[in-house]
Structure formats: structure tokens, C-alpha cells
Amino acid sequence: MTTPPQPLFTYSLHNVTISVSDLDASIQWWNRVFGLTLVAKSRFDAIGADVAFLEGPGFRLELLQPANGVRIPELTAEPPAHIRPIGNKALVFRVEDLESVTRTFRDLGVTTVWEQMDLGDGSISTAIRDNDGNLINVFQQGASPVG
């Protein structure tokens, strides 16, 4: 058996960043749908963007609204075409009761890509889109060895 490689330095995940078209609308969406709390809001002059940090259970989400943002349709393509462009694909959350969460999404009027899809490993997934069309995958762990 081989010994796994050791990291060259100590690190941890600080946050995940999403570019948005309307910072205030996105803050409200993430609060309404996932209960994220606004921690800080400011201007990031070095990149010409307004920024907000939201906090959820065990993670931070940074929202950036660039001054002249553009949409790239391939980045928000419908699955399975969404995996063709190289880069980030989805923000993924794990839940204990996907049926209940899916019902909550429906009640909130959230845009759904699919509901409670069998992933083939015993896990099930509901995929939604945020107010800017970014893909968010929510799954309930099954037999997946990486779940």
C-alpha cells in the first residue's frame, strides 16, 4: 500500500465565488432559498466589482457583481451540455432529506433542472438554478463511495 502524498503547505477552503448580475437580488435569493447570512458588503476596486460575503453552515459564498459583466451561454447550458465548457460546473450541497428540500424549492418557486434524479449509486439529486442561472446540485447520499 502506498502512502498518500502530504500537502506542501497547510491550507483550508476560504470561500466559493460566483459572479452575479444584481448583487442585492442575489443576496436576497441566497437568503430566501438557503438561509445564508450577509457578513460583509463592499467595493473591490482592484477588479471593478461590488462584493458580498454570505455565510452558511460551514462555508462562505462570495458574490461578485462586475461593472460590465457578460453572460456566456455555454456556462449555463442545460445538462448534460453544461459539462463541455472547461471550468466550474456547479455548487453542490448534501442534505439528509432531499424529498423535503425539493418540496421547499417548489414552494419557493425556484427554477428546477431536475428533481430527485437517481444518480446510479444509490444517491439522488435535485438540480436548481439561482437567480442568475448558475447550477446548484443538492443531493442525498446513497451508496456512493465519494458521497
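For the stretch 8-28, a residue qualifies if it is open to solvent by 40 Å² or more (accessible area, probe 1.4 Å), part of a loop (DSSP other than H, G, I, E, B) and among the β-branched types (Val, Ile, Thr), and exactly one does: 10. Once the stretch 75-90 is narrowed to residues that are farther than 26 Å from residue 44 by Cβ and not in a loop (DSSP other than H, G, I, E, B), the residue that is most open to solvent (accessible area, probe 1.4 Å) is 83. Say whether the condition of being over 14 Å from the mean Cα position of the chain (by Cα) and either in a loop (DSSP other than H, G, I, E, B) or of a type in the set (D, E, K, R) (or both) is met by at least one residue in the stretch 130-140. No, the conditions are met nowhere in the stretch 130-140.
Scanning the stretch 91-105 for residues that are touching a strand residue (DSSP E or B) at 6+ places or on another chain (Cβ under 9 Å), over 24 Å from residue 63 (Cα atoms) and open to solvent by 40 Å² or more (accessible area, probe 1.4 Å) yields 96, 97, 99. Within the stretch 110-125, restricting attention to residues that are farther than 17 Å from residue 80 by Cβ and open to solvent by 60 Å² or more (accessible area, probe 1.4 Å), the residue that is farthest from the chain's Cα centre (by Cα) is 116. Scanning the stretch 29-52 for residues that are within 14 Å of the chain's Cα centre (by Cα) and either part of a strand (DSSP E or B) or of a type outside the set (S, T, N, Q) (or both) yields a count of 6. Cβ separations smaller than 6 Å between residues 6+ apart or across chains give the following pairs from the stretch 107-132 residues that are modelled with pLDDT of 90 or more to residues that are among the acidic types (Asp, Glu) and not in a loop (DSSP other than H, G, I, E, B): 124/118; 126/115. Just one of the listed residues (13, 8, 61) is under 18 Å from the mean Cα position of the chain (by Cα), among the aliphatic types (A, V, I, L, M) and farther than 24 Å from residue 111 by Cα, namely 13.
Of all residues in the stretch 98-122 being in a helix (DSSP H, G or I) and not aliphatic (A, V, I, L, M), which is nearest to residue 30 (Cα to Cα)?
Result: 105.
Condition first: under 23 Å from residue 104 (Cβ atoms), charged (D, E, K, R) and open to solvent by less than 90 Å² (accessible area, probe 1.4 Å). Now tell me which residues in the stretch 29-58 satisfy that. Across the stretch 29-58, the qualifying residue is only 55.
Residue-by-condition table, conditions (1) touching a helix residue (DSSP H, G or I) at 6+ places or on another chain (Cβ under 9 Å); (2) small (Gly, Ala, Ser):
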{"site": "60", "(1), (2)": "no, no"}
{"site": "64", "(1), (2)": "yes, no"}
{"site": "67", "(1), (2)": "no, yes"}
{"site": "71", "(1), (2)": "no, no"}
{"site": "74", "(1), (2)": "yes, no"}
{"site": "79", "(1), (2)": "no, no"}
{"site": "84", "(1), (2)": "yes, no"}
{"site": "92", "(1), (2)": "no, no"}
{"site": "96", "(1), (2)": "no, no"}
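The values are calculated or read from the model by the stated rules, or taken from the named source; none is laboratory data. Everything numeric here is computed off the predicted structure, so don't read it as measured data. Every residue, glycine as well, gets a Cβ built from its backbone with ideal geometry; the counts of neighbours run over all protein chains shown. Areas reflect the complete protein model, heavy atoms only, side chains present, ligands, DNA and RNA absent. Shrake-Rupley method; radii C 1.70, N 1.55, O 1.52, S 1.80 Å.
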